Each structure stands twice: as structure tokens, then as C-alpha cells.
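*Asks:* Quick one: structure below, then a few questions.
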Amino acid sequence: MLLIGTVTVSWYLAVGAVLFVLGAVCMATKRNLLGVLMGVELVLNGANMNFIAFGSKVLRPEGSLGLDGQLIALFVIVLAAAEAAVALAIALNFYNNHNTVDVDRANELNG
Amino acid sequence: MADFINNIFGIGDSWVGYLIAALIAAVLILHVVAVGALLFIWMERKISGRIQDRLGPTRVGGKYGWLQTLADGIKLIAKEDITPDLADRFLFKIAPYVGLAASYAAFIALPFADGVVAQHVNTAVFFVLAVLGLEVFSVILAGYASGSKWSLFGAMREAAQVVSYEVPLGMCVVVPVMICGTMNLTTIGNMQAGLFTNWLVFNDPFTFLTAIIYFTCATAGVNRAPFDLAEAESELVAGFHTEYSGLRWSLFFMAEYSSMFVVSALASILFFGGSHGPIPVGQWIGETIGGTWGLNISRIIGVGNLLLKGLIGVTVMMWIRWTFPRLRIDQVMTMCLKYCVPLAALGFIGATTWQYLDLPTANSLVGNPRYEKHEMWTEGVEVTPAADASPASGIPDPEPHQEDKTANADSVTVKTLPVSVVKGGER
Amino acid sequence: MESTTDFYNLIDALKADSANSLGLFMPEITLCVFIALFLAVRLVTTKLDLFWVALAGAVVGLVSSNPLQLCGGNVESEELFTGLLVHDGLTIAIRSILMLFLVLFLIFTKISGVPDKEDGADVYSLVFGSTLGMCLMASANHLLIVFLAIEMAGVPSYVLAGLIKGRKRGSESALKYAIYGAGAAGVMLYGISLLVGLSGTAHLPTMALELAQIIPQAGLGEQAVLCLAAVMISVGIAFKLSAVPFHFWAPDVFHGACAEVNAFLSVASKAAALALLLRLAVGLGSVPLSEIEAPQAIQQTVEAHQETVQTDLVPTHLVSLEDEAVSGSDEDIDVKSSEPVEAQANAETEAPATEAEVVEAVDPRLEIKQAHDEALSPVRNFIGLLIAFFAVITATFGNLAAYGQKNIKRLLAYSTIAHAGYMMMAVTPLMMMLGTDNNGAEQAASALIQYIVVYVFLNLGAFSIIAFLRNYVGSEEIEDYSGMVKSRPVLVICLALIFFSLVGLPPLSGFLGKFAIFASLADGYSTAGSSALLVLLIAGGLNTAISLFYYLGVIKTMVMGEPDESHHLGDRPVGRIEMAYVVVVSIPTVFLIVCWQWVAGFADEAVKHFIS
Amino acid sequence: MDLIAVAWPYWHQFFFIIFATIAIGFGFGVLLSKNVVRMAFYLVLSLGSTAGLFFLAGAEFVGAMQLMIYVGGTLVLLIFGVMLTAQKDFINMDTHTQDWILATIVGGSLLMVLLFGAFGAEDWRTPQDINDAHVSATKEATPLGLALTGIRVDTLGESTDAVADGKSGYLMPFIIVSFHLLVVLIGAAYMARTKKLSHATDDKSSRAKLMLFKMEHEEEPLEEAKYVVTHKGKSALNPLDPNDED
């Protein structure tokens, strides 16, 4: 009753790739800077998905990254949290100074 | 169960059987949530009544008014479902379901007794905590989507509060995990079988402290009084659910009561012996009867134990709610950052030291042996060498180490293994 | 219970490894301790100026990074913390440079007055945290550490960019830096994940070994993945280096942040990023000797095996393990046997010969290494060309865009970009010569270190003068500097010296740095014969000529221009401390040439065992 | 009892499709939604189902951590930020049409390349033998925790050389990252504190700050009263200042 063949590492990678691209496009197009930060989260998540897929013994017992994949993913989650905290603080600081969260208004520095 | 269903219908290895099995488990758990909420709301009314020296509901359903909640439920269902004009309609409508789904999902990994669990999750402790943490989104979304300032204030308070209290909560939960060497709730529960002295809360003074901190933080985590700042009716009308009515409003309460039960059950598993009673009656009965029936009977008794302990926990929460005044928001944060976090850290360090120094536990004082760590559900499942090799308890027996080293001192083992292992050090 | 034995062996190995590693990890530990100390001191007293604590920390860090070790004996390459970090001459050199910079930087901030006492503790923590990340960047030997270090160096500097909180421009620059930085880090992480997934390890030497086996038989898909991974990782590093086309943050951030932070970003961050570039390029481009298992060792195991069979002392699992090793030596050199590749076929034919003459003086691993390195030559070519491409457009664009800048900080930002381009140029000949002419490759790396040493003083000096001028004039526009030489001659002369040195005019030290890099380019061209190197050489020469004019423009304004009364030039005289500091920092600009052999010797010593 | 044990491929595929659809679908939701609060909500669902995929791939601990730290912590923080800045004008922000077109083209081609990469390597798209595919329930968290303390028990079975050489423990980054978090915490707190400018005195540091502000407010003259904070750190501008006793 398999609908579409066994799920392989590539499938997980495909999901990761889609999340990555969505995040990247989100970063590029959103005008609300919190939306941009959300794009960052999606990007990191897409990369994390790869690590999990490569490290999964369920998907690929031979030649998989093994535990390293999970460990790297853990560190990435922690680092992403740290980055988000700082980015948010900076965003709020920007909001305090400019009274806007529109990234298009961050245009004082040009030329 | 899935095999059983598949056999009945004769459909072999198909996911249909598993789907049906999953649905049955889901419906069973849903009953814990729904019936539990009915019971708890009635209890809350009765308890608050008694605490305030009045009777509480008396009419519907006889002398004790035990059908009162059902009557209320019917009323709520019949009520009009109002969506304010200023609301973000989509989020407004979906918010209550998010909360209910989160607190309901936590039951997936909650073992009611040894082996009575919807899905074995090896990291069940953190799974339950993590999923419960998602409940905050329902409050935030409801608060934002209502388009009312009271709601928004409530939501902001909730966000700050829950994120802060997750820190000490996590630190408290780590203590039993560290003592048992596993994050599997079933195993943690089973390690506390036997006399009540074996319960982790009596393990050492620091676990006792940790248990208290855990319960405090859990109360705050599920947004109950005296930490219910998100719905502080004296300041914010009704906080995040000001604009809700009817069924959606009642869903918030279902979510609240079921997550109250989850954290209480988690407390009883982590600290108060899980599905094991203070005196191992169920276990004794089960072992006397023996076989599958014995196992099942002891499981049923275990489920009863756990439900009772969860009920006691919920009752204590109600008792606290109706006797303590509500804190101010700054007091709530002070409580978390200045008291709970340091005390949780103290508990953690103390418990670690206690384990490290191998100081006597209540159990060893009584002379009761610590119950063997066993998981009935893993029978027949292969354990990989890696898991076998790692001394999961965290306190490996030093004997084989010394022996092996000396035994192999002259052999090639020393030449091959250690040399290559410490290669990094020698270069 | 053989697994228990193994477990305890692991613990013993960990203890030995950590004890050994911690001794060589002192500068980083110092930074960590002082970060904690800043917090602790603030709890106890608010009166103590944390600058002194920070300075003490930086000095202790400088001492513990022990640059004199390079002058003394040979520093062997050594893996720390179970292979996560590597400790060799390059590590020591970059760490010492960073710590020296930190000392000078802290004094500079104290003199210039940003941060003030109130913010001091926070800012010093951030600076130390960022430096910690940079130290890790210089010694990374594992792709997780690469990412971790980049984040650790980056995230605190996002905050530093917005150091003055109430300023619109400061918060804007911090925001831009944070968002672009986070995006680049995300892209880099994705690239790392692909590379790690393909090779099955994140440890750089092991990865090189795996790649040497994968590449000769890689299909189109694998090649595409490798290229994709390389490009994505290079995005992350190019961002750190502010290489074109990932430079766009640099002018804005430099413009918005205050000059103190600019000095930190343009020097420390660049030095660390270049070290990381070296590590990654060489790490992926060649298999270190220590990573290759010698046939000799296998021979020994075979003998040992025979002994033990006689004495019957070995547990069965060990026998089986050695059986593997024995069979491995017959079929394949590597225990992780894979399909025999063309390159390895050579090694195989050599293997029996070396087994026969075990006592031969020549290390038999060298031949295997050569085979592996040959297999990796497409990687080196790809990396070399990629970097060459980045270098040329970075240097050219940076220099061209610097024209027409009205703000001195913006101008220096573009100058920084251009210099990143020059410095990256050294990596291409390194990659081209690696494997064929290791001495030449080492010379290229050495040239890069020399340039970095010079560059530390140049940019620190330039930005400190800008900061001091700002304190007096209240402006960073070039036109406001007009006629400055009359009121503040010392600062202007020093700035002129530094600018000439940045251009690379002889006999200033900048000339020697540039000369070293161009020499290695020429050397690489004559050895490897790659036309890319010639292009680089020409581009470098042209760029030097281009860059002359905009630096001259600034100096001309300061010297020839008439003081404009409408711009309120503050009439305070320059303080003595400021002047002393500027002179001290500018001295190396002139006098480094006198003791150039020290710098060259330092750099040579630093890269001595870098390529093994 | 263990549902996953027997019909693993079916089960895996079934849930993979569910979780992947939710993750990608709500990922698109994040991209296409104009409303920032809804974006946050979609992001929660997307990342939550990514955690589901982690569980499915056998990384239970990482999945739980994803839920706890990422979804429960980071995203709550983000939503907090959304609420602090949630003013009428900023809730809905349209992206410019030309941005959309450009983003679609660039993003689409990037996606093509990445998907080609994902299905590129032979090893990655080869399915497991169905009978081998299920790995019995192992205690993943224990080796994971031990690896963070530097001991890799999961590689015990392999050659010991592999254990020593870089495939080993992650003790150092585990410790170092805590310092990173400390620094980041200090940085975030520093950033989030309210702006202050010390009283303009002869003090050098204040002069530097004043000059910095002056440069920015050249056109609109610096209202000193707006920025100057009296000696005790009280500020009229700043009602949230905890030192303010009024």
C-alpha cells in the first residue's frame, strides 16, 4: 500500500530545500522586519532538516552521519535561538529609534 | 492492538489496522480530557464553595450537583458564538483549538501505567513539557486576535510568564531524569516501584525541594492562580478570553483543566512514584496472579493510582487558587527569576552532589532495595550494543573497568585500543 | 563486557585529551573567564572601571597565546578536543594577532571614550565574546566549529554595530548587519549540511580523506552537490570577508557604527575570516599526513596479531578487528575500504613494496598522501578559481566604489573591502601550488599572514584617528577635514602615512605586505602555470594604481584645503594621550620595514606545519 | 503494542506526507501572508511539523528540543516582538510587485538547483531495504548526552581509531556555546535597555557620545533635553525606566 515508494533521505532533503528557499524568499521580500526574522528561522530550519536526515539511522543505516547529525542540529537550534534573541533586540531598538518596522525605511545609510 | 484488529479483519500488514488502533487510543485519551474537565469543573466549584464556607452547586443531578457542569456545557453549546468586529476572524476562531490540541497532544507520551501509553517516546519527559509549552500560543493568539486591549495585555503577560517559567521547570525536570538516567517516563515510573520510600521525592532533601519548585512552576506554566495573570479578572476584565463566548470559551477551560491534569500526572510520575501506590499492592496482586492477567490487573490498578495522584495534584492546585491572592505581574517575574530559578539550580546541584557522593536515600535508610529498572514493553525488542554499553544510570560500576584493564595489561588490547584511542593526545 | 572496557578507554582518552587540550586552549579560557568576571565584578561593585579588568584580560590572553613560541621551536600541528580544533603555528599566530589587537583596541576605546563607564561592562563582554569566536575561527578543524565560531564572532558584533543605542544610524546599521549576517549564516549552514551529508563526517581531515575517495567516481549529481556546497559555504565566508558580491553590508554598517566598532570589525573580523578561509581551503584541498594510516602500523598490528594468536590472550572481538585490518592492508590502504579509485591504484602497487622494507627512512605515508592529494586536485582547482574570482571583483569593486565617497568611514569601508580582495589573492596560488610545490604554498600562506600583521596596525591606526577627530570636530565627512593639517598636524601626518601604506607605496610596510602577496602570485604562476594567477597579478597591480587616487584625495583635502569656517571645527587642541597613541600605532607603518625579517620569520614559522 | 515496529514503511510514509505537507504548506503561508501575526502562527505550525519530521527520522530528542526551544522559546519571543510593534500600519505590509516577480524567479531557480542536489547523490535516493529499515527502539538520548560530555558510545562498535579522530565528543562546543549564550544575553539586554545619554559634561566619554549624536542631528538641532539624562539616571522621556520614581 505504498503510495509513492519508500521515503528516502532525498525526500527529507527536498522538504529541507523547500523550507530553505521559502525562508530565503521570505527574507528577500518581506517588508516587516519581523517577517524577515521569520525567514531566517525557516532558512536555519531547512538546513537543520538536512542534518537530521543525514544523521538518521532510520533512513540510511550505512554511511549515515549517525549521531553527529543530531548533535549538530542541536547546536544549530541553540545558536538560532541566540541569534533570534539578538536580532529581536536589535529590531526593537530600530523600532524605538525609527518608529517603524518597515525595512524599506532603513535607508538613512546610502550613497 | 493493531495486530489484533488486522487479524480480525484479515487485512494483514496494513496501515488501516494501525489507523484504527490509533483512533481508539485517541478516543480513549479524549475521554480523559473531556470527562476529566467535567469532573474538575464540578470539583472546582465544590472545593471553592467549601473553602468559602458555602455549598457550591446543589441542584442539578441530585444532592451534590454533579450534573451541573454538563448542564453548563449544554448551555455553552447552545450559546451564540460571537466574533467581535475588530477581531482577526481566522485567528480568533482557531485559537481555542490550538490550546486544546496542545494540551491534548501531551497525553500522547504520558504513560498511565507501565505500558499503558499511546506512543512510546524515549524522550517523553521533554516531549510532554515541549508540547505543553505550545499552549501559550493559544493564549497569545486569542489575546491578539480579539482586538481588545484587555486581551492583548493578558496575552503579553502570558507570553512573558510562560517563557520565563519554562526555565526553572526544565531545570526541575532534569533532576529525576538525572537520577534515573533516562527520559523515558515509563522507566522513571518503574524505578519508583515498591514502597513509597522509593519515590524520588523522598530520595534526598534536594529532590524534595525540586518537587516543590516543580509544582510551583508547573502551576505558573499552566497559567493557574496565583499566577493567572493572563486572565486577571480584577485588572483585565477576563484577560485573553474576554471576547470569547460559547463553545470556544469552554474549549479554553477544557485545555486548562487537561493541562492541569497533565502537569500533575507528570509530577506524580517524576516524583511521586508514577503508577505505583505507596504500598505495592497492585504489584503484589499482579505477581500473585501472574501471567498476562496478572500484568493487566496490575496495570489497571496502576492506571487507577496515577489518575488518583493526578486528581490529588489538581485538587491541590484548586486549593491554592482559592486560598492564595493573585500576584502582581512584577511579583510573578520576581518569583520566577529571583526565587524559582536559583532554587531549582540549587536543587539540581544538590541532587547531583548527592548522587555523586552516593549519600543515603530514604529508601536505603529503610533498607528497601531500589527497584530494578525494567520496562515490560521492551521485552523482545533488541537493545543495541551502544545502548547496552552506556551505563545509563550515570553511575557505572567501576569494578569491570579495573579488572579489564589489569587483565589485558599484557595483551595486545593495550597496544591496539588505548594507543589508537589516545592518538589525539600523543601526537 | 568488552564494550565496558571500550567505554572506560574512551573516558581515559577523553581525560588525557582534554588535559592536553586545555593547556593549549589558554587564550580562549582566559576570554571565557573574563567574560564571567565582568558579570561578577558588576555584582560586587559598580565603582570599579571595568576597562582595567578588560585590559588585564587582554594582556593575560596575549601572554597565554604565547607568540614567542613561534620564534622558539617547531610548533607541531596537533588536534585538540578530539579533533574539533587544531593547534599549530597558524593558530598561535592568529590568536596572538587577535590578542595584540585586543589590547590596542581596548586602550583605544578608553582614550576615545566610547564605550563610557556605564556601558563598559556590556561592551567589553561583547568584544571578548566576539574575539572568542574569532579565536575558534582561526583554529577550527570541524565544520560544526566553523559554523559555531562564525556565529560566535558574528552575533556579538551585530550588537556592537548598534553600540550607541539612541542613534538612528546606529540601529539601522545593526539591523542590516544582523539580518544579512543571519541570512549568510543560514546559507552557509545549508552548504555545510550538504558537504557533511555527502562525506559522512564533519571533521575536516577525515572529510578530505572521504572526498578523495568520492570525487574520482562522483556522478553528475554528486558533483553538483559538491559545487553547490562549496558555493554556499563560500557565501558565508565571503560575507565575513565582505567580499563582493556579499559586501553590501559593509559600507552601511561602517557608516552607521562608530569608528571604534569599525576598527574591531575591519581588523579582527577580517583576520579571523582569512584564517578560517585558509583552514577550510587547505583542509578540504589536501589530506594531512597524520590522517593517513601508515602501512607500517598495519604491519605492526599483523605482527602483534601473530604473537597474540600464539599466546592466546586476545578476546575474540579484537582478533576479528585485526583480521579486518589485515585484509584491509591486502586490498586497500584505508580501513574504510571503498571502491578502488584510479589514484589509489598507484598507492596499492606501492603498498607491498613498503611493507617489505619497513625500516626505510622515507615515510611510506607520503606516497599515499600524494595519491590522495592528486585525487583532490579538482577540489583545489575549484576552490582556487572560486577565490580568484571573488578576489578580483572584490579588489576592483572596492577600489572603484571608494571614489566619490564623502564620508571617511564609508571610504574606509570600501578600502577594507578592497584589502580583503588583496588578501584573498594569496589563497589562490596556495591552492594551485598545494600538492605540487608545498614550499611555494607555504610561502603564499606566509605572505597572507605578513599582510594581516601589517593590516592590523594600518586599519587600527586609521580608525583611531577618525575617532579622535570625531571627538574634536564632530564630523566624519571628508570635506569637514579640509585644512586639518594646520590645527592637528600630528594626526594628519599619521593618517597620511597610514594611507600611503594602505596604497602600498614603498618604503612603507604596506608595500612589503603587498609585495609578499604579489611575489607569491608570480611564484605560483611560474610553478603552476595557471593563467588565473596571471590575471590576479595584473588585477592586483592595476588596483594598487587605482587605489592611490582616492587615498590621495583625502590627504589632499586635509593638507591643501582651506579650513571652512561654516563647519564648526572644534578648536580644542589634541590631547597628549591621543597623540601618543596615534604615534605608537603608526610607528609600525614606517619601522616595520626595518625589522621586516622578524615579521617574515614570524609568518614563515606560523605556516611551517600548516601544510603537511 | 509498538505501532511503528511492524508496518514501518507504511507508517513512515503516511506520517511523512502529512508532516511534510503541513511544514511546506504553512511555510508557503508564512511567505504569502501579509499579516505578520498570521505569519507567526503559520511559522509555529510549520516548525512544529518539522519537529514531527525529526521524530519520524528517529531524532526524538532533537525533535523535542525543537519544540521546546525553537517553537516554545524562540517563536514566543518573536511573537512577543510582533506584539510590541503591532501597530495598525505595520500589521499588513504589502510586498512590492517587482519584488515578488524577482523573488519568484530567483527562488524558483534556487529551488530547482537545490532539489536537483537533494535527489542528486546516488546514496541519498537509494531506498532502504524495507526489512532493514526499522531500527529498533534505542535510547538515543543517552548516547547524545554522553556525546555532549565528550564520550561517543555510539561509535564503540566501530574501529577505535574513528572514535578518537574527530568523530568524537562535543564537550568543548557544549561548554563554549554556554559562554556564547551568556554574551548574547548580555548583548540582547544591552540592546533592549532604554536609550540614555549621559549629561554633557567635560567628561570625555560623554563628549564622544554627544558628538556622535550631533553628527546625526545636524539638520534638526539636537534637543539636549530630549536625550540628556540627569545624573541619577532619571529620565523624563522614559516612563518605563525602573529608576523613575515619579
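The values are calculated or read from the model by the stated rules, or taken from the named source; none is laboratory data. Quick caveat, the model's predicted, so the values are computed rather than measured. All Cβ positions, even for glycine, are placed from backbone atoms using ideal geometry, and neighbour counts span all protein chains on display.
*Asks:* Sort through C:THR557, C:THR544, C:THR527 and tell me the only one that's modelled with pLDDT under 85 and either surrounded by 15 or more Cβ atoms within 10 Å (Cβ to Cβ) or in contact with a Lys or Arg (Cβ under 8 Å, 6 or more places away or on another chain) (or both). Full working, then the answer.
*Replies:* Numbers: C:THR557 fails: modelled with pLDDT under 85; C:THR544 fails: modelled with pLDDT under 85.
Answer to the selection: C:THR527.
*Asks:* From the residues in the range C:466-500 that are within 14 Å of chain D (Cβ to nearest Cβ) and β-branched (Val, Ile, Thr), which one is surrounded by the most Cβ atoms within 10 Å (Cβ to Cβ)? Break it down into steps so the answer makes sense when it comes.
*Replies:* Our first condition is that a residue be within 14 Å of chain D (Cβ to nearest Cβ); within the range C:466-500, this holds for C:466-481.
With the extra rule that they be β-branched (Val, Ile, Thr), the set shrinks to C:466, C:473, C:478.
On the way: C:ILE466: 24, C:VAL473: 21, C:ILE478: 19.
So, considering only residues that are within 14 Å of chain D (Cβ to nearest Cβ) and β-branched (Val, Ile, Thr), the one surrounded by the most Cβ atoms within 10 Å (Cβ to Cβ) is C:ILE466.
*Asks:* Let me ask something additional. Can you tell me which of C:MET188, C:MET207 is more than 18 Å from the chain's Cα centre (by Cα), among the hydrophobic types (A, V, I, L, M, F, W, C) and surrounded by 23 or more Cβ atoms within 10 Å (Cβ to Cβ)? Walk me through it before giving the result.
*Replies:* Numbers: C:MET188 fails: more than 18 Å from the chain's Cα centre (by Cα).
Of the residues listed, the single one that is more than 18 Å from the chain's Cα centre (by Cα), among the hydrophobic types (A, V, I, L, M, F, W, C) and surrounded by 23 or more Cβ atoms within 10 Å (Cβ to Cβ) is C:MET207.
*Asks:* Can you list the helices (runs of 4 or more DSSP H) found entirely within the range C:473-553 that contain at least 2 residues being within 28 Å of C:ALA441 (Cβ to Cβ) and among the aromatic types (Phe, Trp, Tyr)? Lay out the reasoning, then the answer.
*Replies:* Details: elements: C:484-487, C:489-503, C:509-528.
Where helices (runs of 4 or more DSSP H) fall fully within the range C:473-553 and carry at least 2 residues being within 28 Å of C:ALA441 (Cβ to Cβ) and among the aromatic types (Phe, Trp, Tyr), they are C:509-528.
*Asks:* Test B:VAL262 against the stated conditions and say whether it is at pLDDT 85 or above and either under 25 Å from B:PHE208 (Cβ atoms) or buried (at least 23 other Cβ atoms within 10 Å of the Cβ) (or both). Break it down stepwise before answering.
*Replies:* Numbers: at pLDDT 85 or above: yes; either under 25 Å from B:PHE208 (Cβ atoms) or buried (at least 23 other Cβ atoms within 10 Å of the Cβ) (or both): yes.
In short, yes.
*Asks:* Quick check on C:TYR451: is it under 22 Å from C:GLY541 (Cβ atoms), within 14 Å of another protein chain (Cβ to nearest Cβ) and of a type outside the set (Gly, Ala, Ser)? Break it down into steps so the answer makes sense when it comes.
*Replies:* Numbers: under 22 Å from C:GLY541 (Cβ atoms): yes; within 14 Å of another protein chain (Cβ to nearest Cβ): no; of a type outside the set (Gly, Ala, Ser): yes.
In short, no.
Residues checked against (1) at pLDDT below 85; (2) crowded, with 21+ Cβ neighbours inside 10 Å:
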{"position": "B:ASP85", "(1), (2)": "yes, no"}
{"position": "B:PHE92", "(1), (2)": "no, yes"}
{"position": "B:ALA95", "(1), (2)": "no, yes"}
{"position": "B:VAL98", "(1), (2)": "no, yes"}
{"position": "B:ALA113", "(1), (2)": "yes, yes"}
{"position": "B:VAL121", "(1), (2)": "yes, yes"}
{"position": "B:VAL131", "(1), (2)": "no, yes"}
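*Asks:* Working carefully through the options B:PRO111, B:PRO57, find the one that is in a loop (DSSP other than H, G, I, E, B) and under 27 Å from the mean Cα position of the chain (by Cα). Write out each step before concluding.
*Replies:* Working: B:PRO57 fails: under 27 Å from the mean Cα position of the chain (by Cα).
Criteria check complete, one pass: B:PRO111.
*Asks:* Among the listed residues A:ASN32, A:ASN99, A:ASN93, which satisfies the condition of being at the interface with chain C (Cβ under 9 Å from one of its Cβ atoms) and of a type in the set (S, T, N, Q)? Walk me through how you get there before you give the answer.
*Replies:* Working: A:ASN32 fails: at the interface with chain C (Cβ under 9 Å from one of its Cβ atoms); A:ASN99 fails: at the interface with chain C (Cβ under 9 Å from one of its Cβ atoms).
Of the residues listed, the single one that is at the interface with chain C (Cβ under 9 Å from one of its Cβ atoms) and of a type in the set (S, T, N, Q) is A:ASN93.
*Asks:* Test of understanding: among C:VAL86, C:VAL75, which residue is touching a strand residue (DSSP E or B) at 6+ places or on another chain (Cβ under 9 Å), more than 8 Å from every other protein chain (Cβ to nearest Cβ), modelled with pLDDT under 90 and surrounded by 24 or more Cβ atoms within 10 Å (Cβ to Cβ)? Before you say what the answer is, go through the steps one by one.
*Replies:* Numbers: C:VAL75 fails: surrounded by 24 or more Cβ atoms within 10 Å (Cβ to Cβ).
So the residue among C:VAL86, C:VAL75 that is touching a strand residue (DSSP E or B) at 6+ places or on another chain (Cβ under 9 Å), more than 8 Å from every other protein chain (Cβ to nearest Cβ), modelled with pLDDT under 90 and surrounded by 24 or more Cβ atoms within 10 Å (Cβ to Cβ) is C:VAL86.
*Asks:* If you don't mind, another one. Scan the range C:269-283 and give yes if some residue there is in contact (Cβ under 8 Å) with a residue 60 or more places away in the chain and more than 25 Å from C:LEU132 (Cβ to Cβ), otherwise no. Please lay out each step first, then the result.
*Replies:* Here is the first cut: in the range C:269-283, the residues in contact (Cβ under 8 Å) with a residue 60 or more places away in the chain are C:269-283.
Within this subset, residues satisfying the condition of being more than 25 Å from C:LEU132 (Cβ to Cβ) are none.
No, every residue in the range C:269-283 fails to be in contact (Cβ under 8 Å) with a residue 60 or more places away in the chain and more than 25 Å from C:LEU132 (Cβ to Cβ).
*Asks:* Follow-up. Being surrounded by 23 or more Cβ atoms within 10 Å (Cβ to Cβ) and either in contact with a Pro (Cβ under 8 Å, 6 or more places away or on another chain) or farther than 30 Å from B:VAL281 by Cβ (or both) narrows it down to one residue among B:VAL136, B:VAL167; which is it?
*Replies:* Numbers: B:VAL167 fails: surrounded by 23 or more Cβ atoms within 10 Å (Cβ to Cβ).
Just a single option satisfies the conditions, and that option is B:VAL136.
*Asks:* Report yes if C:VAL590 is at pLDDT below 85 and part of a helix (DSSP H, G or I), otherwise no. Give the steps one after another, and end with the answer.
*Replies:* Working: at pLDDT below 85: yes; part of a helix (DSSP H, G or I): yes.
Taking the combined requirement at face value, the residue satisfies it.
*Asks:* Looking at the structure I just gave you, is C:ASN439 touching a residue at least 60 places away in the same chain (Cβ under 8 Å), surrounded by fewer than 24 Cβ atoms within 10 Å (Cβ to Cβ) and either in contact with an Asp or Glu (Cβ under 8 Å, 6 or more places away or on another chain) or over 20 Å from C:SER96 (Cα atoms) (or both)?
*Replies:* Details: touching a residue at least 60 places away in the same chain (Cβ under 8 Å): no; surrounded by fewer than 24 Cβ atoms within 10 Å (Cβ to Cβ): yes; either in contact with an Asp or Glu (Cβ under 8 Å, 6 or more places away or on another chain) or over 20 Å from C:SER96 (Cα atoms) (or both): yes.
Here the answer is no, as C:ASN439 does not meet what is asked.
Each row is one residue, and each column tells you yes or no for (1) modelled with pLDDT of 80 or more; (2) closer than 24 Å to B:LEU134 by Cβ; (3) of a type in the set (Gly, Ala, Ser).
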{"position": "B:THR186", "(1), (2), (3)": "yes, yes, no"}
{"position": "B:PHE196", "(1), (2), (3)": "no, no, no"}
{"position": "B:TRP199", "(1), (2), (3)": "yes, no, no"}
{"position": "B:PHE206", "(1), (2), (3)": "yes, no, no"}
{"position": "B:LEU209", "(1), (2), (3)": "yes, no, no"}
{"position": "B:CYS217", "(1), (2), (3)": "yes, yes, no"}
{"position": "B:ALA225", "(1), (2), (3)": "no, yes, yes"}
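*Asks:* May I ask you to verify whether A:ALA87 is buried (at least 24 other Cβ atoms within 10 Å of the Cβ), closer than 30 Å to C:LEU411 by Cβ, in contact with a Leu (Cβ under 6 Å, 6 or more places away or on another chain) and facing another protein chain (nearest Cβ under 7 Å)?
*Replies:* Values: buried (at least 24 other Cβ atoms within 10 Å of the Cβ): yes; closer than 30 Å to C:LEU411 by Cβ: yes; in contact with a Leu (Cβ under 6 Å, 6 or more places away or on another chain): yes; facing another protein chain (nearest Cβ under 7 Å): yes.
So A:ALA87 fits the description; yes.
*Asks:* So if I check each of C:ILE145, C:ILE150, C:ILE111, C:ILE164, which one is in contact with a Cys (Cβ under 8 Å, 6 or more places away or on another chain), assigned by TED's automatic domain parsing to the domain that holds C:VAL33 and either acidic (Asp, Glu) or in contact (Cβ under 8 Å) with a residue 24 or more places away in the chain (or both)?
*Replies:* Numbers: C:ILE145 fails: in contact with a Cys (Cβ under 8 Å, 6 or more places away or on another chain); C:ILE150 fails: in contact with a Cys (Cβ under 8 Å, 6 or more places away or on another chain); C:ILE111 fails: in contact with a Cys (Cβ under 8 Å, 6 or more places away or on another chain).
Exactly one residue qualifies, and that residue is C:ILE164.
*Asks:* Within the range C:121-131, is even one residue surrounded by 24 or more Cβ atoms within 10 Å (Cβ to Cβ) and closer than 30 Å to C:ALA441 by Cβ?
*Replies:* yes
*Asks:* Evaluate the following for A:ALA14: is it more than 9 Å from chain C (Cβ to nearest Cβ) and closer than 14 Å to C:LEU194 by Cβ? Can you show your working first?
*Replies:* On the way: more than 9 Å from chain C (Cβ to nearest Cβ): yes; closer than 14 Å to C:LEU194 by Cβ: yes.
So A:ALA14 passes the test.
*Asks:* Of a type outside the set (Asp, Glu) and either without any contact (Cβ under 8 Å) to a residue 40 or more places away in the chain or within 29 Å of C:GLY200 (Cα to Cα) (or both): does that describe C:THR91?
*Replies:* Values: of a type outside the set (Asp, Glu): yes; either without any contact (Cβ under 8 Å) to a residue 40 or more places away in the chain or within 29 Å of C:GLY200 (Cα to Cα) (or both): yes.
Answer is yes for this residue.
*Asks:* Go through the residues of the range C:147-166 one by one and say whether even a single one is more than 17 Å from D:ALA188 (Cβ to Cβ) and modelled with pLDDT under 85.
*Replies:* Yes, because at least one residue in the range C:147-166 is more than 17 Å from D:ALA188 (Cβ to Cβ) and modelled with pLDDT under 85.
*Asks:* Same structure, new question: For A:GLY66, indicate whether it is within 12 Å of the chain's Cα centre (by Cα) and at the interface with chain C (Cβ under 10 Å from one of its Cβ atoms).
*Replies:* Working: within 12 Å of the chain's Cα centre (by Cα): no; at the interface with chain C (Cβ under 10 Å from one of its Cβ atoms): yes.
It is false that A:GLY66 is within 12 Å of the chain's Cα centre (by Cα) and at the interface with chain C (Cβ under 10 Å from one of its Cβ atoms).
*Asks:* OK, next. Go through C:LEU55, C:LEU39 for me and flag whichever is surrounded by fewer than 20 Cβ atoms within 10 Å (Cβ to Cβ) and at pLDDT 90 or above. Write out each step before concluding.
*Replies:* Values: C:LEU39 fails: at pLDDT 90 or above.
Selected residue: C:LEU55, the only one of C:LEU55, C:LEU39 that is surrounded by fewer than 20 Cβ atoms within 10 Å (Cβ to Cβ) and at pLDDT 90 or above.
*Asks:* Among all residue pairs at least 6 apart or on different chains, which show Cβ distances below 6 Å where the first residue, located in the range B:122-146, is facing chain D (nearest Cβ under 8 Å) and without any contact (Cβ under 8 Å) to a residue 40 or more places away in the chain and the second is outside any helix (DSSP H, G or I) and crowded, with 24+ Cβ neighbours inside 10 Å?
*Replies:* If the second residue must be outside any helix (DSSP H, G or I) and crowded, with 24+ Cβ neighbours inside 10 Å, the pairs left are B:PHE127/B:VAL121.
*Asks:* If you go through the range C:172-194 one residue at a time, how many are within 11 Å of chain D (Cβ to nearest Cβ) and not hydroxyl-bearing (Ser, Thr, Tyr)?
*Replies:* 7
*Asks:* Can I ask one more? Please report, ordered by residue number, the helices (runs of 4 or more DSSP H) entirely within the range D:84-154 with at least 1 residues that are within 13 Å of chain C (Cβ to nearest Cβ) and at pLDDT 80 or above.
*Replies:* On the way: elements: D:88-91, D:97-118, D:122-125, D:130-133, D:141-148.
Passing ranges, in order: D:97-118, D:141-148.
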